[in-house]
Amino acid sequence: MYNESQRADLSGNVRTIQIITAGLTAGAAFFLVFVLVIGAVGDAAKPAGTPIITYIAIGFSVVQLGLRQFVPDSVAAASRRRLVDERRQSGRPARYANAANAEIVDRATDAISLCQAFKVKTIISAALIEGVTFFTIIAYMIEHWWPGLALAIALICGLALHIPTPSRVEHWVEDQLRLAEQEVQLGG
């Protein structure tokens, strides 16, 4: 499918995405550990009253997870549309089925472009979750209410799920290339 140079470009992009998402995940995890250690050392008595900040954090989590469902996908769709528009303007073939060298190069170039779109989409998606994760940890730090801790741990696990594998990125890129091809053929 890709030659060694193209595969190296893709794997370099994947490695960058892995480092960024692992850093986002580790930052939230280390902050949670810090809060737990400080809470264990200090006076971590649960304050009396309603844990309003945790309720707000839960509400923000729901909103952010909802945004996470469509904002990154709209970024991917915009990148795909840009790819289709470039294809139309340059007069490039609508299909990749022909194994001509020019089309193989175009496919590889498109794959690298879409890999960049995957990077942006993944960072946006992880950042939406990371922000609310820190807010939830702070809510737990203030109120010491266990549902806040459980939500923070679940959100950190959700951040960890954003760390991509090379095969996942390749499959995503191939799916996007197939969708772009369909959009060109359908005139969409």
Considering only residues of the range 167-188 that are touching a residue at least 24 places away in the same chain (Cβ under 8 Å) and of a type in the set (S, T, N, Q), which is surrounded by the most Cβ atoms within 10 Å (Cβ to Cβ)? Gln176
Give me the residue from the range 132-159 that is crowded, with 16+ Cβ neighbours inside 10 Å and of a type in the set (Gly, Ala, Ser) and, out of that set, nearest to the chain's Cα centre (by Cα). Gly158
Only unsatisfied item for Leu65, checking (1) buried (at least 18 other Cβ atoms within 10 Å of the Cβ); (2) modelled with pLDDT under 95, is (1)
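The values are calculated or read from the model by the stated rules, or taken from the named source; none is laboratory data. All figures in this text were calculated on a predicted structure; none of them were measured in a lab. Note that each Cβ is placed from the backbone with ideal geometry, even for glycine, and that neighbours are counted across all protein chains shown.
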